[in-house]
Amino acid sequence: MEPDFKEGDQVLVSTLSFDNLRGPKKILVKPYFQTEEGEFPSRRKNPTPPEIVEVEDLPGPLSTIIRARKIRLNGKDQRQYLVRFKNQTADKDKWLEEDAIPDGNLHLRRFKASRRTE
């Protein structure tokens, strides 16, 4: 006998056929609805990696390092720093990798020292 429902139809399932011999005897039975993929964090697609900025494309001398973040590119964790340039507004801030920051050692030492004191 062919069932009267089609794929995608909502149906009731009897809990008598569930063999739950171990563990708690409670079971939650409720309707299942397909949701958008954005509702579950594990289903989120990875954001596109930020574009890598060449040193020649920088808008001017570096003023400060504002934040740090760790991203995953090509299966490896990489640390990037949000830098602000002198005489530039916040919309000109860029995420740069450590080796792309001009005078990186000096600025990174200051940034890490300021984070320790906070």
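The values are calculated or read from the model by the stated rules, or taken from the named source; none is laboratory data. A quick note: this is a predicted structure, and the numbers were derived from the prediction, not measured. Virtual Cβ from ideal backbone geometry, glycine too; neighbours counted across all protein chains shown.
Return the residue satisfying two criteria in turn: it lies in the range 91-106 and is more than 26 Å from the chain's Cα centre (by Cα) and in a helix (DSSP H, G or I), and of such residues it is surrounded by the fewest Cβ atoms within 10 Å (Cβ to Cβ).
If we take residues in the range 91-106 being more than 26 Å from the chain's Cα centre (by Cα) and in a helix (DSSP H, G or I), then ASN105 is surrounded by the fewest Cβ atoms within 10 Å (Cβ to Cβ).
Yes or no: the range 21-30 includes at least one residue that is closer than 30 Å to ASP91 by Cβ, loosely packed, with under 10 Cβ neighbours inside 10 Å and at pLDDT 65 or above.
No - not one qualifying residue is present in the range 21-30.
What is the one condition in (1) of a type in the set (Phe, Trp, Tyr); (2) more than 22 Å from ARG116 (Cβ to Cβ); (3) modelled with pLDDT of 90 or more that TYR81 does not satisfy?
(2)
Can you say whether GLU56 is charged (D, E, K, R), in a loop (DSSP other than H, G, I, E, B), at pLDDT below 85 and loosely packed, with under 14 Cβ neighbours inside 10 Å, as far as the supplied structure shows?
It is false that GLU56 is charged (D, E, K, R), in a loop (DSSP other than H, G, I, E, B), at pLDDT below 85 and loosely packed, with under 14 Cβ neighbours inside 10 Å.
State yes or no: is LYS70 loosely packed, with under 10 Cβ neighbours inside 10 Å, modelled with pLDDT of 85 or more and either assigned to a loop (DSSP other than H, G, I, E, B) or of a type outside the set (Ser, Thr, Tyr) (or both)? Break it down stepwise before answering.
Values: loosely packed, with under 10 Cβ neighbours inside 10 Å: yes; modelled with pLDDT of 85 or more: yes; either assigned to a loop (DSSP other than H, G, I, E, B) or of a type outside the set (Ser, Thr, Tyr) (or both): yes.
When the stated conditions are applied, LYS70 passes them.
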